[in-house]
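Encoded as structure tokens, the structure appears first; notes follow it.
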Amino acid sequence: MAINYHDRAAALGATDAILAILEQDAEVLETGDSHPDSTNLIEFINVSKSYGKRQVLTAINLHIAAGEKIALVGESGAGKTTLLNLLLGFEAATEGRVLLNGQTINREYAAKAIAWVGQNAYIFHGTIKDNIALSDPDASEQRIIDAAQASGVTEFSAQLPEGLLTPIGERGYGLSGGQVQRIALARAFLKKCRHYFAG
């Protein structure tokens, strides 16, 4: 029961982060040119993935244009995590191609082009601000504040004695699961990317 309780708490925290993304205006999630561009496109072209004899994904064709907001839903084991792993370059397709702006995705390219928020965000001992700035240590004070506001971090940090300069413990000790997810979301917003995902 304890395991189920913590899984449920993690899922609720992830839900908060996903809803925050879906509620944002497209302009908040983009850097540079805010107008959708047909070359700024994610494509899965006849993608299949298998592990040995077990087929997980079969002939997936998917096109996501800049500015679109997509929710990937399905039962446990349907292949959602596998699809995201392919998109992030963590795994390679067994068949077909995964493209970003016409270029085949690999881990290095995905790391530069995509910001993503997983269910288990890494939080280190330091301030909330330090944890947000992890994705871009050279970011200006204003960009960090903007990311914190866009992700909802300032909603709870404003209630803390030192605001964004409040120290937090390793693994987010002292914060709720939803607050940890919002810090991770702010970190993703701060990264200079055109593509954002919550997994």
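Among the residues of the range 54-80 satisfying the criterion of being of a type outside the set (A, V, I, L, M), over 19 Å from the mean Cα position of the chain (by Cα) and assigned to a loop (DSSP other than H, G, I, E, B), which is surrounded by the most Cβ atoms within 10 Å (Cβ to Cβ)?
At the first step, the residues of the range 54-80 found to be of a type outside the set (A, V, I, L, M) are 54-55, 58, 61, 63, 67-69, 74-77, 79-80.
Then drop every residue that is not over 19 Å from the mean Cα position of the chain (by Cα), which leaves 54-55, 58, 61, 75-77.
Narrowing the set further to residues that are assigned to a loop (DSSP other than H, G, I, E, B) leaves 75-77.
Numbers: Glu75: 7, Ser76: 6, Gly77: 9.
Only one residue fits best here, namely Gly77.
Quick grid of which residues meet (1) modelled with pLDDT under 90; (2) under 25 Å from Gly89 (Cα atoms); (3) polar (S, T, N, Q):
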site	(1), (2), (3)
Lys129	no, no, no
Ala133	no, yes, no
Asp136	yes, yes, no
Ile145	no, no, no
Gly163	no, no, no
Gly178	yes, no, no
Arg187	yes, yes, no
Ala198	yes, yes, no
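Regarding Thr104, is this residue under 22 Å from the mean Cα position of the chain (by Cα) and in contact (Cβ under 8 Å) with a residue 24 or more places away in the chain?
On the way: under 22 Å from the mean Cα position of the chain (by Cα): yes; in contact (Cβ under 8 Å) with a residue 24 or more places away in the chain: no.
So Thr104 does not fit the description; no.
Just one of the numbered conditions (1) modelled with pLDDT under 85; (2) closer than 26 Å to Asp146 by Cβ is not true of Ile42; which one?
Going through (1) modelled with pLDDT under 85; (2) closer than 26 Å to Asp146 by Cβ one by one, Ile42 breaks only (1).
Of everything in the range 146-185, what is in a helix (DSSP H, G or I), closer than 12 Å to Asn131 by Cα and in contact with a Gly (Cβ under 7 Å, 6 or more places away or on another chain)? Give them in sequence order.
Correct list: Val180, Gln181, Arg182.
For the range 62-85, what are the residues that are touching a residue at least 24 places away in the same chain (Cβ under 8 Å) and β-branched (Val, Ile, Thr)?
Thr81, Thr82
Let's see how each residue does on (1) assigned to a helix (DSSP H, G or I); (2) surrounded by 14 or more Cβ atoms within 10 Å (Cβ to Cβ); (3) not β-branched (Val, Ile, Thr):
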{"position": "Leu84", "(1), (2), (3)": "yes, yes, yes"}
{"position": "Ala93", "(1), (2), (3)": "no, yes, yes"}
{"position": "Lys112", "(1), (2), (3)": "yes, no, yes"}
{"position": "Asp130", "(1), (2), (3)": "yes, yes, yes"}
{"position": "Ala133", "(1), (2), (3)": "yes, yes, yes"}
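Within the range 159-171, does at least one residue satisfy the condition of being surrounded by fewer than 18 Cβ atoms within 10 Å (Cβ to Cβ) and basic (Lys, Arg)?
Among the residues of the range 159-171, at least one is surrounded by fewer than 18 Cβ atoms within 10 Å (Cβ to Cβ) and basic (Lys, Arg), which makes the answer yes.
Quick one: Arg97 ticks every box in (1) surrounded by fewer than 16 Cβ atoms within 10 Å (Cβ to Cβ); (2) at pLDDT 90 or above; (3) under 30 Å from Pro167 (Cβ atoms) except a single one, so which number is it?
Condition not satisfied by Arg97: (3).
Residue by residue through the range 86-101, note down the ones that are over 16 Å from Ile64 (Cβ atoms) and either free of Cβ contacts under 8 Å to residues at least 12 places away in the same chain or out of contact with any helix residue (DSSP H, G or I) (no Cβ under 6 Å at 6 or more places or on another chain) (or both).
Scanning the range 86-101 gives Phe90, Ala92, Thr94, Glu95.
Assigned to a loop (DSSP other than H, G, I, E, B) and within 18 Å of the chain's Cα centre (by Cα): is that true of Ile123 in this structure?
Details: assigned to a loop (DSSP other than H, G, I, E, B): yes; within 18 Å of the chain's Cα centre (by Cα): yes.
Answer is yes for this residue.
Name the residues in the range 74-84 that are of a type in the set (S, T, N, Q) and under 18 Å from Ala59 (Cβ atoms), would you?
Our first condition is that a residue be of a type in the set (S, T, N, Q); within the range 74-84, this holds for 76, 81-82.
Listed by number, the list holds a single entry, Thr82.
The values are calculated or read from the model by the stated rules, or taken from the named source; none is laboratory data. The shown structure was predicted, so the numbers you read here are calculated from the model rather than taken from an experiment. Glycine also receives a Cβ, built like all others from the backbone with ideal geometry; neighbour counts cover every protein chain displayed.
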